[in-house]
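Comments concern the structure below.
The values are calculated or read from the model by the stated rules, or taken from the named source; none is laboratory data. Source: prediction; values computed, not measured. Glycine also receives a Cβ, built like all others from the backbone with ideal geometry; neighbour counts cover every protein chain displayed. Side chains included, ligands, DNA and RNA excluded: accessible areas come from the protein's heavy atoms. Shrake-Rupley method; radii C 1.70, N 1.55, O 1.52, S 1.80 Å.
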Amino acid sequence: MTLLAPLGALGRATLALLAMVGRVALFALSALSHMLRPPFYGREFGAALMNVGWLSLPVVGLTAIFTGGALALQIYSGGARFSAEAVVPQIVAIGIVRELGPVLVGLMIAARVTSSIAAEIATMKVTEQIDALVTLSTDPMKYLVAPRVLAALIVVPLLVAVGDVIGIFGGYAVATGTLGFNAAAYLKNTVDFLEPLDIISSLVKGCAFGGLAALMGCYFGMTSGRGAQGVGRATKGSVEAAAILILAANFLLTGAFFSL
């Protein structure tokens, strides 16, 4: 019996995980169906666009520019060991566009937007505002969830594109200002090295990461427990789940685009 106890605990944990995956999948399908059917709440959608997109620009821009600059320094330092300092423009471009740009933007969105959505919706649930919406014949999934998920699907790829450009500029500024690279040659090497598939993969990752981030915020907010502790657990759980799913999705999408 002593030996069976750990197996039983593992089995219960596995069943709980699978049950949660099923609930999230059904929640995602419900959100998708509500995005495609009227009525549409333009004011909620516009507010979500502003929150996810415009208000996230400062943190995305700062993250991207410092990451691009640090990446240029690291590549130059590592390349110097093999007399390969000239590859800085190419590696910065591909590193930012393929991986660091989408992933860092996704994680920043998870930290800023997912937590905000989860806390907002969980607070509405605790204060019975969601019950009031139902009383007024307003579907919470259509009014609260669908606009936020749709806004993230649209705006986060744009944030990724902006982050990619700013990140490449950060590498360019460090390389030309500190490492002695020629500005025109640096830009030419960057443009010549990038391929359309690199840019497409970056935007597709942004769309997937944005959808996951908003979906986790909405799911944990809608299923939160009562009281302040319930709101806190929902907020924490949403950010953890969004970050893990973003990293897992990044691995799968990278494999799909670039054939591991």
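Before moving on, here are some points about what is shown:
- Within the range 77-117, the percentage of alpha carbon pairs spaced more than 17 angstrom apart rounds to 51%.
- Based on alpha-carbon atoms, the Kirkwood radius and the radius of gyration of the range 190-239 give Rg/Rh equal to 1.34.
- P(r) for the range 89-202, from all Cα pairs and a bin width of 5 Å, is 2, 10, 16, 16, 12, 10, 8, 7, 6, 5, 4, 2, 1, 0 %, short bins first.
- Efficiency of FRET between LEU36 and GLU240 - r from beta-carbon atoms, R0 41 angstrom, step 0.05: 0.90
- Cut-off 15 Å between beta-carbons: net charge of the residues surrounding THR114, Lys and Arg +1, Asp and Glu -1: +2
- For the range 151-227, taking the reciprocal of the average inverse distance between every pair of different Cα atoms yields a Kirkwood hydrodynamic radius of 14.9 Å.
- The chain - mean residue ellipticity at 222 nm from DSSP helices (-39,500 (n - 2.57) per run, n ≥ 4, rounded to 500): -27000 deg cm²/dmol
- Per residue, the range 140-231 exposes 40 Å² of accessible surface when a 1.4 Å probe is rolled over the protein heavy atoms with every protein chain present.
- About the Cα centre, charge dipole magnitude for the range 42-255 (Lys/Arg +1, Asp/Glu -1 at Cβ), debye: 300
- Cα-projected label distance for LEU26 with ALA256, points at 7 Å along beta-carbon direction, nm: 2.5
- The fraction of accessible area contributed by carbon and sulfur in the chain is 73 percent, rounded to a whole number (1.4 Å probe; ligands and nucleic acids excluded).
- Separation of alpha-carbon centers, the range 82-128 and the range 211-231, rounded to whole Å: 20
- From the coordinates of this entry, mean projected area of the Cα convex hull in nm² is computed, and it appears in (1) 16.5; (2) 18.7; (3) 22.2 under the label (2).
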